[in-house]
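Asks: One structure, pasted below without further comment.
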Amino acid sequence: MSELSWRVLKDDFLVQQLVERDPAAGVTPAEPKTYTAEEEEAQLALEGWRYTPGLSGGRGHWAKPGVKNGSYQTERPRVRRETQLELEDAAMNGEGVDARQLLLVQLGLLGPNLSEDIVDALLAGLEKGVPLQRLTRHRARVLLLLLGDDFGDKTGSRERRLQQAAMGLDERIQELRDRPDRSLKNRAIFGRMEVMVSCAKKVRALESAAFWESMPQPLDDFGWYENWRRARQPEQMVTLETLQGQWRNKQLQDVTVRGNICTFSQGDGVVIEVDENGSFTVPGWVLLQEQSSEKRIVWTSRPGTRQANPGETTVWERPGTMGHDSHHRGATVYSSYGNNSHVSQHNHTAYGPSYGPTSYESLHGGMDSAYNQHSRTL
């Protein structure tokens, strides 16, 4: 390896960017699922499709009851294919993932100093993590893969990585418990603690009790955690677990959330991010925790963005629980800001409805690819 290549690989910026943006870099995506005829029927039913035979031997049709956008067709529908992000997630979550494919693991094996930097960067990322968030899950997975094998190195590097990770997690957990950042909301503190304690327990499971007892200093037994968790648990809190599964928006479009990937019936996946307060966001929108519940999610537009009109809100509800007004309106949908009503127009080349001109992006499904080709909105 040339001196220049080595200097680039040792640069802290490279490691930080990988951990921040793509900890799973290098993974081979899983193969798309294949279905038997019976499995395909079950999957189509799960997606909401129903087949109605034609009268007097005529041609039948497929439809999604209560869904208007592309929900009626005579041809047999295809099962929704997994997105590229979902296939990468499936590979990372699988037991057969090859740790050596991952760029961060490969870098960690180049030397003890670089390995230490990578473990520190992963811990720093987990320290600000949110349960079920895609990047959080990937960081935890990469850390466990890096710690779980010595990769043929018998010099004690793995043991040092294990000690560094265990002690680093303990220090961060104690800091969050005893001296939390006062600018953080309770739900952010709660979520970060859940991420780190869960990861710490998985790190401990990689070695025997005798190994951990030989540590230079005793590790936390987390005997306090359940009481702390009960005391900190918000009475009402929408988590990524709450968001999982099928939803329907006011435009009667199907929305699917898996992990922190949101997919419309027409369109690619959208990454649901988490802001500094622990609130879920997509470009131009933020989830309103206080107005949301397990069956009804309320989003509001963020100021200073072009994705929506100022102060606009939109709602997701579980299929079968949509309010009477959404069915009664049919193809007409009204925005919630000001005194003016705006009629929803369908755009079959993007995600679906969008208000007004084609440059208007919204959480309802519209997207202006010319304005923001890569940043998908809900």
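What follows is calculated from the coordinates using simple rules that are stated; it is not laboratory data. Just so you know, these numbers come straight off a predicted model, no measurement behind them. Cβ placement follows ideal geometry from the backbone for every residue including glycine, while neighbour counts extend to all protein chains displayed.
Asks: Kindly put Y51, Y225 in sequence by how many other C-beta atoms sit within 10 Å of each C-beta, fewest to most.
Replies: Fewest-to-most ranking of Y51, Y225: Y51, Y225.
Asks: Which distance in nm do the two modelled labels at E116 and D98 give, with both placed 7 Å along the Cα-to-Cβ direction?
Replies: Those two pseudo-labels are separated by 3.1 nm.
Asks: Moving to a separate point now. Among D12, D221, D149, what is the fewest-to-most ranking by other Cβ atoms within 10 Å?
Replies: D221, D12, D149
Asks: For Q16 and R296 in one chain, what is 0.36 nm times their gap in residues minus the Cα-Cα distance, to one decimal in nm?
Replies: Length difference between fully extended and current span is 97.1 nm.
Asks: Once you list every other residue whose beta carbon is under 9 Å from the beta carbon of Q164, what net charge do they have if Lys and Arg are +1 and Asp and Glu are -1?
Replies: Computed value for this residue: 0.
Asks: Grab the Cα-Cα distance for E31 and R160, subtract it from 0.36 nm times how many residues apart they are, and report the gain in nm with one decimal.
Replies: Difference between extended and current length: 42.9 nm.
Asks: Can you compute log10 of I(q)/I(0) for the range 197-290 with the Debye formula, treating each Cα as one identical point scatterer, at q = 0.11, 0.21 Å⁻¹?
Replies: Once normalised to I(0) and log-transformed, intensities are -0.55, -1.09.
Asks: Hey, another quick one. Taking neighbour Cβ counts within 10 Å as the exposure measure, how do I118, I261 sort from fewest upward?
Replies: I261, I118
Asks: While we're here: Want the number for T52 to E241: 0.36 nm per residue separation, take away the alpha-carbon distance, what's left?
Replies: 64.6 nm
Asks: Tell me, what is the Rg over Rh of the range 41-121, with Rh the Kirkwood radius over Cα pairs?
Replies: 1.37
Asks: Can you list which of the GluC sites (Glu not before Pro) found in the range 87-136 are DSSP loop residues with at most 13 other C-beta atoms within 10 Å? If you can, show how the numbers build up before the last one.
Replies: Working: sites: E88, E95, E116, E127; in loops: E95.
Passing both the DSSP loop test and the Cβ count: E95.
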